[in-house]
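Taking it in order: structure first as C-alpha cells, then the write-up.
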Amino acid sequence: MVGVLDYDTEAGRYDATRGGEARALAAATALDALLPATGVIADIGGGTGIVSRHLATPTRTVIVADASTGMLTLAARRLPGRAVRADATRLPFADASLHAVTCIWLLHLLPPHLTDAVITEAARVLAPGGILAATIGKNNAHQGGDDTDAILHRVHQQGGAPHIPSDDPERLAQVTATRGLTPQATTTFTGHGQGRTPNNLAYDLADGRHLTWLPHLTQTDLDAALADLAALPGPDVPRTDPVYTLASWRR
Ligand SMILES: C[S@@+](CC[C@H](N)C(=O)[O-])C[C@H]1O[C@@H](n2cnc3c(N)ncnc32)[C@H](O)[C@@H]1O
C-alpha cells in the first residue's frame, strides 16, 4: 500500500496543519545553532518557506528549493526572489557554491535511492566546510507512549518490516560517510501542535497518505487499526507533541 502526498494540493492547508509558526520557529531555532552565521543556504524541500524564512538574516541568504509550485507560491511571498522550483536530486546550484543545505521533513518522504541522491547532491553543492542539516528518524518522533503511538507502532510493525526508513539514522550515517560528510551535531525540536488525535491519525491512515513506508500493510491490519482508533477516548483530543531529531554533517 503506497500513498503519495500531492503537495500542490496540500499547500493551502500545509502550514496550519503542521503546527504553524510555533513548529516552524522551534525547527528554525534548533537549526540556527547548527548553521553558519554567514553565507548562502539552500533549504531543499523547503515547501512554503515557513521554516526557511526564520533562518534568513542580514548575513545569511536563504533560498527555498522545492518541487511543488503550490508550496513555492507561498514561499515566494515569504522570501521574494528566493524560491526556486527544483528537484532535490538535481539541484540547480554549482559545485561547492553553498555554505549550508537544510532538509526539513524531506528525507523520510523519498525512497532510499532518491534520499541517497539528495545526499550526493548536497555534498556536491556544499563548499568545503559547508554544513548539511536534516531531520532524521522522523518515524521515531512520536514516542510519547500514548494510546495512538501504540496503534501506530503496531501498524509500523505489520506494514513496515523488513523495510528500513530512508531517513533511518544508522542508514544515513553510512550514506553521508560515503559522500565525504563528517558528523557534527544532533539536536531536537518539538513539533508544537503536532500531537495526533485518534481521528486525525485514522484519517491519515484511511486516506493512504503517509504510508509510503508501510508497503506490506494489509487491508485487514488497516481495518483493525481503524477500529481500535475509533474505540479510543477523546477522539479529537491531541496526544503528546512529537519531538524531531536534527543532525548535521560537515563537508
Ligand atoms: C513535509 S514538506 C516539508 C516542507 C518544509 N521543509 C517544512 O518543514 O515545512 C516536504 C516538502 O518536500 C518537497 N519535495 C518532495 N519531494 C521533493 C523532491 N524530489 N525535490 C524537491 N522537493 C521535494 C514537497 O514538495 C514538500 O514541499
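Among the residues making up the stretch 79-88, those that are under 13 Å from residue 43 (Cα atoms) and either part of a loop (DSSP other than H, G, I, E, B) or of a type outside the set (Asp, Glu) (or both) are 79, 82, 83, 84, 85, 86, 88. Annotation: residue 56 fulfils all but one of (1) of a type in the set (A, V, I, L, M); (2) more than 13 Å from the ligand (Cβ to nearest atom); (3) more than 21 Å from residue 184 (Cβ to Cβ); (4) touching a His at 6+ places or on another chain (Cβ under 6 Å); the unmet one is (4).
Checking each residue in the stretch 89-112 for being away from the ligand (no atom under 14 Å from the Cβ) and either not hydrophobic (A, V, I, L, M, F, W, C) or not in a strand (DSSP E or B) (or both) picks out 94, 95, 96, 97, 99. For residue 79, indicate whether it is more than 12 Å from the ligand (Cβ to nearest atom), within 18 Å of the chain's Cα centre (by Cα), touching a residue at least 24 places away in the same chain (Cβ under 8 Å) and farther than 16 Å from residue 191 by Cα. In short, no.
For the stretch 146-251, which helices (runs of 4 or more DSSP H) that fit wholly inside it have 2 or more residues that are exposed (fewer than 14 other Cβ atoms within 10 Å of the Cβ) and of a type in the set (Phe, Trp, Tyr)?
Result: empty, no element qualifies.
Being outside any loop (DSSP other than H, G, I, E, B), closer than 18 Å to residue 110 by Cα and either in contact (Cβ under 8 Å) with a residue 40 or more places away in the chain or hydrophobic (A, V, I, L, M, F, W, C) (or both) is a property that residue 15 lacks. Restricting the stretch 38-53 to residues that are part of a loop (DSSP other than H, G, I, E, B) and within 9 Å of the ligand (Cβ to nearest atom), which is surrounded by the most Cβ atoms within 10 Å (Cβ to Cβ)? Step by step, filter the stretch 38-53, then rank; the result is 46. Only one of the listed residues (29, 73) is surrounded by fewer than 17 Cβ atoms within 10 Å (Cβ to Cβ), assigned to a helix (DSSP H, G or I), within 12 Å of the ligand (Cβ to nearest atom) and hydroxyl-bearing (Ser, Thr, Tyr). That residue is 73.
Taken together, the values in this text are just the output of simple stated rules run on the coordinates, not laboratory data. Here the structure is a predicted model, which means the values were calculated and not measured. Methodologically, a virtual Cβ is constructed for each residue, glycine included, from the backbone with ideal geometry; neighbour enumeration extends over all protein chains shown.
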